[in-house]
Amino acid sequence: MLPRRPGGEKAIFATTRILSGMTPGKSIVAFYGDAKLANQLLSVGIFAGYARVETPRGEGWLAGCSLYNEGNRPRGIKGLIALMDFQVVARGQAIDSLGGTIEGTNLPLRANALPPGPARTQVYFVGAAGESGNT
């Protein structure tokens, strides 16, 4: 797992999704495991930006990231997410610990409330303090 990034340095992650509706410096991005990992929370970070792969910004991020340079790209990559204050959470921590509700449902953000099927790969939520997020 990746360690917490030191002051101000951004962590870059590839995504097969096109993202929208997130606010840099305010929205939270959370990664959680699948059913084999009991949907446990894996890591969180603060959204710092998004770039489509084919844009100059996206190409620059790819070139500057040792994980993805030299053609090492996930299949179906559409964009890159930049996160500030990225950190791996304690083992066994549940997504419930983020608090809030799943956007458009009034359901609490917790594993048993995540939608079934492909929709569960990208869930927008509103935190207890009103911040927006994406899992």
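Computed from the coordinates by the stated procedures, all read-outs in this text should not be read as laboratory data. These figures come from a predicted structure and were not determined experimentally. Because the Cβ atoms are built from the backbone with ideal geometry, glycine has one as well, and the counts that use them run over all protein chains shown.
Just one of (1) of a type outside the set (D, E, K, R); (2) touching a Lys or Arg at 6+ places or on another chain (Cβ under 9 Å); (3) in contact (Cβ under 8 Å) with a residue 60 or more places away in the chain; (4) in a strand (DSSP E or B) fails for residue 45. It is (3). Could we say that residue 62 is touching a helix residue (DSSP H, G or I) at 6+ places or on another chain (Cβ under 8 Å) and not in a loop (DSSP other than H, G, I, E, B) here? In short, no.
Residues that are part of a loop (DSSP other than H, G, I, E, B) and touching a Leu at 6+ places or on another chain (Cβ under 9 Å) were ranked within the stretch 27-42; the one that is surrounded by the fewest Cβ atoms within 10 Å (Cβ to Cβ) is 33.
Would you be able to tell me the number of residues in the stretch 79-125 that are over 18 Å from residue 45 (Cβ atoms) and part of a strand (DSSP E or B)? The qualifying residues number 4. All conditions in (1) surrounded by fewer than 17 Cβ atoms within 10 Å (Cβ to Cβ); (2) part of a loop (DSSP other than H, G, I, E, B) hold for residue 68, with the sole exception of (1).
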